[in-house]
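Right, one structure below, let's go through it.
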Amino acid sequence: MNVRRRLIPVVTTAAAAALGLTTLSACSSQSAAAAGTGTFDVVASFYPMAFLAEQIGGGHVHVTSLTQPGQEPHDLEISARQTAQLQESDAVLYLKNLQPSVDDAVAQSEVKTKIDAAALTSLEKHGNEVGGHAASHDSSQNEELAGLDPHIWLDPVRYAQVAEGVGKAFEKADPDHAADYKKNTAALVKKLDALDTQFKDGLANTKSKVFITTHAAFGYLAERYGLTEEAINGLDPESEPSAARVKDLETMARADGVTTVFYETLVSDKTAKTIASDAGLRTDVLDPVEGITAKSRGKDYFSVQEANLKALQTALGSK
Ligand SMILES: [Zn+2]
């Protein structure tokens, strides 16, 4: 039998799309750079994106956030004024699937540089329970975005991957300052690596591995450090738990030696406190860093994450 060679069609991938970088050829005549201010104007969708832009951009960028401090970012509706502001910026940094109105505004705008953080790392589907009990690892960038967990910034490793991509996008969009963007990105990634080590060491030996949160923001963090997150609500903090879910949580809390029910700074703590008092558990804050306010236990991403680590160590019984 003749073995005939088959021609395998070459699969071409749109590299730019894979990187999450969409560069339109049309010039944005209203951009600050074009207007000669010399500043690279970046619109960020919410705090973790603004923080990356500021850390990487340093003195060369002017960063505006579409989500105000203290505003809950999920499903935020942006105003006509903000849409206009977006249109006049040099770059937009956002996280697809967290804020549909931002996704729409970005898609419709002619901003020259569009950076989607979700395309710079890997996403997974997460339900109310993430971690040891029912591990689901259907990680893929090509899946439908629906059901994919957007909370990548709470995992220092994924956040560092996003930082690397943002750095490259800034270098490309504003080449005059490429050397500084490169240097700032490297410094930020180094700090995130150190934070990852702190979490790894700090959570290596704990009595319990299970923690209860208000909304399912800590799935990637839980998986990264071998913990199980049980969320009262789903990925969206506005959702309400069923009576059956509340009963399950109380049973599970007893079985797994859970000590603490965590609530957040930007959403109601009512359900968390009810469950805690019914099950005889403590409450404490675990901050999803979706915004920094006066109530935050830290002034920026790093200090809030360090406070989160301490809260987890206390709740899980760090040895
Ligand atoms: Zn969230």
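The values are calculated or read from the model by the stated rules, or taken from the named source; none is laboratory data. The structure displayed is predicted, hence computed values, not measured ones. Here Cβ is always computed from backbone atoms with ideal geometry, including for glycine, and neighbour counts include all displayed protein chains. The area values use the complete protein model at the heavy-atom level, side chains included, leaving out ligands, DNA and RNA. Shrake-Rupley method; radii C 1.70, N 1.55, O 1.52, S 1.80 Å.
Descriptive notes on the structure:
- Checked against the criterion of being more than 16 Å from the ligand (Cβ to nearest atom), under 17 Å from residue 48 (Cα atoms), of a type in the set (Val, Ile, Thr) and in a helix (DSSP H, G or I), region 189-196 contains one or more residues that satisfy it.
- Selection of first residues in region 302-319 that are under 23 Å from residue 190 (Cβ atoms) and of second residues that are open to solvent by 50 Å² or more (accessible area, probe 1.4 Å) and in a helix (DSSP H, G or I), restricted to Cβ pairs under 7 Å at least 6 apart or on distinct chains, gives the following pairs, ordered by first then second residue: 302/191; 309/198.
- Residues of region 270-301 classified as among the hydrophobic types (A, V, I, L, M, F, W, C), within 19 Å of residue 73 (Cβ to Cβ) and more than 16 Å from the ligand (Cβ to nearest atom), total: 1
- The set of residues from region 301-318 being surrounded by 15 or more Cβ atoms within 10 Å (Cβ to Cβ) and within 18 Å of residue 207 (Cα to Cα) comprises 308, 309, 311, 312, 313, 315, 316, 318.
- Filter result (surrounded by fewer than 16 Cβ atoms within 10 Å (Cβ to Cβ) and on the phi < 0 side of the Ramachandran plot) within region 251-276: 251, 254, 255, 268, 270, 273, 274
- Condition met for residue 172 (open to solvent by 70 Å² or more (accessible area, probe 1.4 Å) and touching a strand residue (DSSP E or B) at 6+ places or on another chain (Cβ under 8 Å)): yes
- Condition check for residue 298: over 26 Å from residue 46 (Cα atoms) and either touching a helix residue (DSSP H, G or I) at 6+ places or on another chain (Cβ under 9 Å) or surrounded by fewer than 21 Cβ atoms within 10 Å (Cβ to Cβ) (or both): no
- Test for residue 206: is it under 21 Å from residue 300 (Cα atoms), away from the ligand (no atom under 16 Å from the Cβ) and not hydrophobic (A, V, I, L, M, F, W, C): no
- Members of region 85-114 that are farther than 15 Å from residue 75 by Cα and either in contact with a strand residue (DSSP E or B) (Cβ under 6 Å, 6 or more places away or on another chain) or part of a strand (DSSP E or B) (or both): 86, 89, 90, 91, 92, 93, 111, 113, 114
Yes/no per residue for (1) surrounded by fewer than 17 Cβ atoms within 10 Å (Cβ to Cβ); (2) within 16 Å of the ligand (Cβ to nearest atom):
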residue: 61; (1), (2): no, no
residue: 76; (1), (2): no, yes
residue: 88; (1), (2): yes, no
residue: 95; (1), (2): no, yes
residue: 99; (1), (2): no, yes
residue: 102; (1), (2): no, yes
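- Look at (1) in contact with a Gly (Cβ under 9 Å, 6 or more places away or on another chain); (2) surrounded by 16 or more Cβ atoms within 10 Å (Cβ to Cβ); (3) not hydrophobic (A, V, I, L, M, F, W, C) and you find that residue 233 fails only one, number (1).
- Taken together, 147, 226 contain a single residue that is within 16 Å of the ligand (Cβ to nearest atom), open to solvent by 10 Å² or more (accessible area, probe 1.4 Å) and in contact with a Lys or Arg (Cβ under 7 Å, 6 or more places away or on another chain), which is 147.
- Test for residue 267: is it closer than 22 Å to residue 224 by Cα, within 16 Å of the ligand (Cβ to nearest atom) and of a type in the set (Val, Ile, Thr): no
To keep it simple, each residue is scored yes or no on (1) closer than 21 Å to residue 288 by Cβ; (2) in contact (Cβ under 8 Å) with a residue 60 or more places away in the chain.
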position: 173; (1), (2): no, yes
position: 180; (1), (2): no, yes
position: 186; (1), (2): no, no
position: 195; (1), (2): yes, yes
position: 219; (1), (2): yes, yes
